[in-house]
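Working notes, structure below.
The values are calculated or read from the model by the stated rules, or taken from the named source; none is laboratory data. In this text, all values refer to a predicted model and were calculated from it rather than measured experimentally. Cβ placement follows ideal geometry from the backbone for every residue including glycine, while neighbour counts extend to all protein chains displayed.
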Amino acid sequence: MHTLSGSRFVAVSTNPAIDRIARLEGPPTGVVPASELLETPGGKAIHAACVAAELGAEAVVVTTAGGKSGDALLALLAAEPVDVDHVPVTGATRGTYTLVAAEGGELVEVHEPSGSLTEEECDRLVAALRGIGNPRAVAVCGSLPSGAPIDLHARLIATARELGAFTILDCSHPGALATAVAEAPDLVAPNLVEAGVLLDAEVDPTASDAELAAIADAIRSRGAAAAWLSLGAEGSMLADAAGAIRITAPAPERPINAVGCGDALIGGCAAGYVAGRELRSAAVLGAAAASDKLAHLHPGRVDRGAVAALEPAVKSAPVRTRAAVR
């Protein structure tokens, strides 16, 4: 059982980015002026850490940074309420580009190819995490950069466990995800597409709660102590040793940008966990954070007061499971 001897949340970014987000004034044809433009530090782990910090957690980002874009990433991170431990690498930090329609809602998202990450650089990223003293929770988030060994996320999860931390995994790369799940993280948080790839099974997006709970249980059978399926606008499904619960939060009146909502789910949950909540209660806070994030253009921003006001309206209902998908 984890204790409160450590109070920090550490988010490890395996593939950080500089996010550039534009909100368009008109239809996406020809030359379109932007009514709002943001340049922010990005990648799943960084978004999660920023959200956790906004909700009161002491948050640390462990990340790579390479080239002039890496310098720009670190400069942007310096303006965020997080501590940063970075590993210099040769490959340039990538960029992402998101265009959001004037009335709100994601329009298009483009990711640059990631810079290559050598095995020696991966060793230094693992060593950087090992040097973080006594974290209460560690989230290993992000895709697998080209050149990186398939077990990078698994090694990071194992290192976080050695530190005595509650371990969270959020990875989109199929091979790296499967390898890291086998390392038995305390919580893995895939979306439905990632869950289907992991299980080598076709996942129906209109699946019933019982079917979704069975999918989450099947993921747990691969090694994770708990599995949290992100279902987008339909909420989420959390399965642990006590069973499964369906979590839903009210949507904001004016949704703006869905990018980062899954990361806010993790960041909010981590903030709750390091504050002493049990996992299910922390997950409810995560759901409130994800709902509030949808009302912000920034992919790593929530409003603490709005999240607190939303949380009582988040519904958490037990689900009776069917036989698990194997």
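Values computed for the structure shown
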{"item": "Matching residues, region 242-257, being at pLDDT below 95 and either on the phi > 0 side of the Ramachandran plot or of a type in the set (S, T, N, Q) (or both)", "result": "N257"}
{"item": "Complete set of residues in region 105-154 that are out of contact with any helix residue (DSSP H, G or I) (no Cβ under 7 Å at 6 or more places or on another chain), in a loop (DSSP other than H, G, I, E, B), of a type in the set (A, V, I, L, M, F, W, C) and under 25 Å from A165 (Cα atoms)", "result": "I132"}
{"item": "Single unsatisfied condition, A17 versus (1) within 27 Å of A275 (Cβ to Cβ); (2) under 18 Å from the mean Cα position of the chain (by Cα)", "result": "(1)"}
{"item": "Output for region 67-87, where each listed residue is in contact (Cβ under 8 Å) with a residue 24 or more places away in the chain and farther than 19 Å from V140 by Cβ", "result": "G67, K68, S69, A72, L76, E80, P81"}
{"item": "G95 vs. criteria touching a strand residue (DSSP E or B) at 6+ places or on another chain (Cβ under 7 Å), surrounded by 15 or more Cβ atoms within 10 Å (Cβ to Cβ), closer than 21 Å to D263 by Cα and not hydroxyl-bearing (S, T, Y)", "result": "yes"}
{"item": "Considering residues of region 57-104 that are among the aliphatic types (A, V, I, L, M) and part of a loop (DSSP other than H, G, I, E, B) only, the residue farthest from G30 (Cα to Cα)", "result": "A57"}
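So that you can scan it fast, the table gives a plain yes or no per residue for (1) crowded, with 20+ Cβ neighbours inside 10 Å; (2) in contact with a Leu (Cβ under 7 Å, 6 or more places away or on another chain); (3) of a type in the set (A, V, I, L, M):
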position: N257; (1), (2), (3): yes, yes, no
position: C261; (1), (2), (3): yes, yes, no
position: A264; (1), (2), (3): yes, no, yes
position: A270; (1), (2), (3): yes, no, yes
position: A275; (1), (2), (3): no, no, yes
position: S281; (1), (2), (3): no, no, no
position: V284; (1), (2), (3): yes, no, yes
position: D292; (1), (2), (3): yes, yes, no
position: A306; (1), (2), (3): no, no, yes
